[in-house]
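Contents: one structure, followed by commentary.
The values are calculated or read from the model by the stated rules, or taken from the named source; none is laboratory data. Not measured: the values here are computed from a predicted model. Because the Cβ atoms are built from the backbone with ideal geometry, glycine has one as well, and the counts that use them run over all protein chains shown. Calculation scope for accessible area: heavy atoms of the full protein, side chains included, ligands and nucleic acids excluded. Shrake-Rupley method; radii C 1.70, N 1.55, O 1.52, S 1.80 Å.
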2 protein chains.
Amino acid sequence: MQAEIIAVGTELLLGQINDTNGQFLARTLADIGIDTYFQTVVGDNPARLKSVLKLAFSRSDLIITIGGLGPTEDDLTKQTVAEFIDRPLVPDQTAMTNLLRFYEQSHRELTENNKIQAYYPEGAQVLPNDDGLAVGSVTTIDDKTIIMLPGPPSEFQPMVLNHLREILIKLSHKDHVLVSRVLRFFGIGESQIATKLADLIDTQSNPTLATYAKDYETTLRLTAKAKNSGDAKRYLDELEAKVQQRIGAYFYGYGDNNNLQQVVVKELIRRDLSITAAESLTGGLFQSMIAEVPASSQVFAGGFVTYALEEKAKMLGIDAAILHEHGVVSEMTAKLMAEKSRQQVGSQIGVGFTGVAGPDELEGQKVGTVYIGLSFADQPTQVKLFHFPRQRNDIRVSAAMAGFFMIYQQLKK
Amino acid sequence: MQAEIIAVGTELLLGQINDTNGQFLARTLADIGIDTYFQTVVGDNPARLKSVLKLAFSRSDLIITIGGLGPTEDDLTKQTVAEFIDRPLVPDQTAMTNLLRFYEQSHRELTENNKIQAYYPEGAQVLPNDDGLAVGSVTTIDDKTIIMLPGPPSEFQPMVLNHLREILIKLSHKDHVLVSRVLRFFGIGESQIATKLADLIDTQSNPTLATYAKDYETTLRLTAKAKNSGDAKRYLDELEAKVQQRIGAYFYGYGDNNNLQQVVVKELIRRDLSITAAESLTGGLFQSMIAEVPASSQVFAGGFVTYALEEKAKMLGIDAAILHEHGVVSEMTAKLMAEKSRQQVGSQIGVGFTGVAGPDELEGQKVGTVYIGLSFADQPTQVKLFHFPRQRNDIRVSAAMAGFFMIYQQLKK
């Protein structure tokens, strides 16, 4: 079964509102296992809507329109579809009763075009609108089905979830489940992952495997189709094992709504390990990312932004002569920033960031050069040197995230 | 001129991401005065993409594709379009040089499919990608134009604003100029602006006037159509005067590529005013936003993240008894954080942030309650109380921005 979504509304074409309905519906269809091949946005224009309907009926089995069911002059979807499929519009008695009651109770004037909201194509199944007046409908014509849904998200979403979903599951003759698993990676690009997993990607059929580049990380979505969720889980486990074997060194967590700082800070809270930092080029970004995570105050009391050399010396109690001798952007400085911040705050972990965010070089070191020091109370301090590409703020974010990843790797040991 | 937008990406069809690019581009086209009649989303599938291209070329003059220019196997737009319009792909030397440098600097492995990002259809005009590796392109074939743009919003939006917009204006209008001016506001919502400017918006024809809600601010784009840029400027000046009269209290700057922290930090640099901060709920975010601005080290030496009460006392030298007496979330604490941080670092401006980011209440104060203290060396310290809506991180960002706006207002006096 191939689905196609048609969103109707000139305000969408003008970019005045974002089509969140399309995404919501696409995700619902994907969850059920129905393939969507096209989504089209068209204005409130009967001729152009008809041309889109004609095309949709020629290439898809399931056509779903969104919007244009309301009472105003530019709401033309219902009339245009009815004409296109050659079915008269007839009133739904329940919806009409609700509509009349609404106008009576709200003392609004009931015009004839308001009533159209309670009409549906003859022979269709009516989708009740629990949150508004305009009904939806499901019309089957030979082997094609056309569904009309209202545009306001507050009416659209409940109608999809409470009424349409069940119908779609039956329509799609679903005899299997689809289960997805999202793996998250840091420090490896989308194209590198694609190269390392090339054979798995090329030969994929079930489970499928897709990479997504996020701003500073990459995710991998594995999706299995199976008779039941137990089988799906087994397929996913098998594929994940192969993936982890190749790029597990860059893996840090699962899920769509997740990120590196969340994984690390939650683990620190779980282990009751307190953390602080002294930040130069990142300028407070690393600490701000800790503070992003709810309940981070359990392990984070505060820290230092030591942008200038004098503040590194003064706030952290580092001998300025050492800073001058080794340079501000150096292994020694990162080491001391990590250790001294930890000692000053009295926490178990201290992180030091020093480097060149640009736009200009510093101490003859290139833009993107970053040293990160990591000091655990009972272990020798480690310092890593990075060369981050791109611009000033990319470098700052990459550095902060690399700090979290160093902690993640240390905790995993 | 009739435009049509084609967004390419299976992740869009699956509803995994929302197509914000389509809306952004639709709005840009509308702004310029180009009509968009159709928007289509199609998956990473060459045959289906070609069918969509064929239809688009049959009904539109300007076809714009979004996405599919990256290095992975499912990035097929460039190759498919090149085949469809029968043009070979050739490398852009500047883009290739950038690409090679990127891979060298980041010590990543350069695979052959990475290089395709620097290619464009022979004879096309290249659109540079200032924030990524994949170039865009504008190809004119007889009376049709096809434009390809990258999918990641962080690359797509700057390419549209900084490179494509001018080209579209030239394409669509030959006998007059269109000049835009963007005004930026903080602390006033899009709907509030729409209400205050309702009569100007309702009667607009030339210049036009459009509001855009950004994450934590609102911009207003005025666009004038005129015989020459002198006339256009005069129209814009007249309209801006009316706008400023009504909502000038919330205005802070001009331009698409601008933001509040940039305006403020540049002004601090210009006046040689040094700044520091002590941050509780914002956790380093305010200082990190200072450090975002190039050359900020001229006025920013460092500062404090004082998340816990003990660190507010220890790092800043505030008597803990006072903190206990007044409460951590209080006018007095914000005042002392501003003053003490300023004294500790020896800078001319100190800012103190204390409040409740949530998810839980603190000291009986509601989530969103924030006190911001602002201490200038030669003036009495001012403290403002805010009640920010929404979630933890919205509250943190709103607070940091409100800090910058307080400084902006003080500097304007």
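Descriptive notes on the structure:
- Rounded if a/c under 1.5, otherwise prolate or oblate - region B:6-150, Cα gyration tensor axes: prolate
- Taking A:301, A:26, A:224 as the candidate residues, the one with maximal mean-square fluctuation in a Gaussian network model of chain A, Cα springs under 10 Å, is A:301.
- Summing +1 for each Lys or Arg and -1 for each Asp or Glu among the other residues whose beta-carbon sits under 10 angstrom from that of residue B:353 gives 0.
- Percent RCO, i.e. relative contact order, over region A:177-254, from Cα pairs under 8 Å lying at least 6 residues apart: 44 percent
- Per residue value of the accessible surface for chain A (all protein chains in place, 1.4 Å probe), Å²: 42 Å²
- Chain B contacts chain A over a buried accessible area of about 5500 Å², both sides summed; the probe is 1.4 Å and only protein chains count.
- Region A:177-254 - percent of accessible surface contributed by carbon and sulfur, probe 1.4 Å: 49 percent
- Listed residues A:51, A:229, A:375, most fluctuating in chain A (Gaussian network, C-alpha, under 10 Å): A:51
- Label distances, nm, residue B:379 versus same residue in remaining copies, Cβ-directed 7 Å point: 4.9
- Residue-averaged [θ]222 nm for chain A, counting only DSSP H segments that reach four residues, each worth -39500 (n - 2.57): -12500 deg cm²/dmol
- Cα-based shape type of region A:186-266, given that a ≥ b ≥ c are square roots of the gyration tensor eigenvalues and the cut on a/c is 1.5: oblate
- Cα-based reach from residue A:50 at 20 Å (exclusive), listing lysines while leaving out same-chain residues under 8 positions away: A:78, A:144, B:54
- Of all DSSP bridge pairs formed entirely within region A:260-412, close to 65 percent run antiparallel.
- Using C-alpha pairs below 8 Å separated by at least 6 residues, the relative contact order for chain A is 10 percent.
- Straight-distance crosslink candidates among aspartates and glutamates, where the alpha carbon sits under 16 Å from residue A:384 and sequence neighbours closer than 8 are dropped: A:279, A:331, A:339
- Kirkwood-type hydrodynamic radius, the protein assembly as shown: 29.3 Å, calculated from all non-identical alpha-carbon pairs.
- Share antiparallel - DSSP beta bridges, chain A, percent rounded to 5: 65 percent
- Calculated Rg and Dmax of chain A using C-alpha coordinates, Å: 29.0, 89
- Ascending distances from the residue B:238 label point to its copies in the other chains, with the point 7 Å along the Cα-to-beta-carbon line: 7.4 nm.
- For region A:264-413: relative contact order, % (alpha-carbon pairs under 8 angstrom, 6 or more apart): 23 percent
- Antiparallel %, DSSP beta bridges [both residues in the protein assembly as shown], to 5: 65 percent
- Evaluated over region B:201-359, the count of Lys pairs having alpha-carbon atoms less than 27 Å apart is 15 (only pairs 8 or more residues apart or interchain).
- 3J(HN,Hα) from dihedral phi, region A:86-96, Karplus parametrisation 6.51/-1.76/1.60, rounded to Hz, x for glycine, proline: 6, 10, x, 8, 10, x, 8, 5, 4, 5, 5
- Residue-wise HN-Hα coupling along region B:262-276, computed from phi with Karplus coefficients 6.51, -1.76, 1.60 (Hz; x: Gly, Pro): 5, 4, 5, 5, 4, 5, 5, 5, 4, 8, 6, 10, 7, 9, 8
- In region A:265-287, comparing the full protein assembly with the chain on its own, the residues that lose 30 Å² or more of accessible surface at a 1.4 Å probe are A:283.
- Shown for residue A:88: label points 7 Å from Cα along the beta-carbon vector, and their distances to the equivalent points in the other copies, 6.5 nm in ascending order.
- Near the amide H of residue B:90, within less than 5 Å, lie the amide hydrogens of B:120, B:122, all on another chain or at least 5 residues away, with H placed in the peptide plane.
- Summary of packing: across the peptides B:8-14, B:109-115, A:177-183, the per-residue average of other C-beta atoms within 10 Å ranks them, highest first, as B:8-14, A:177-183, B:109-115.
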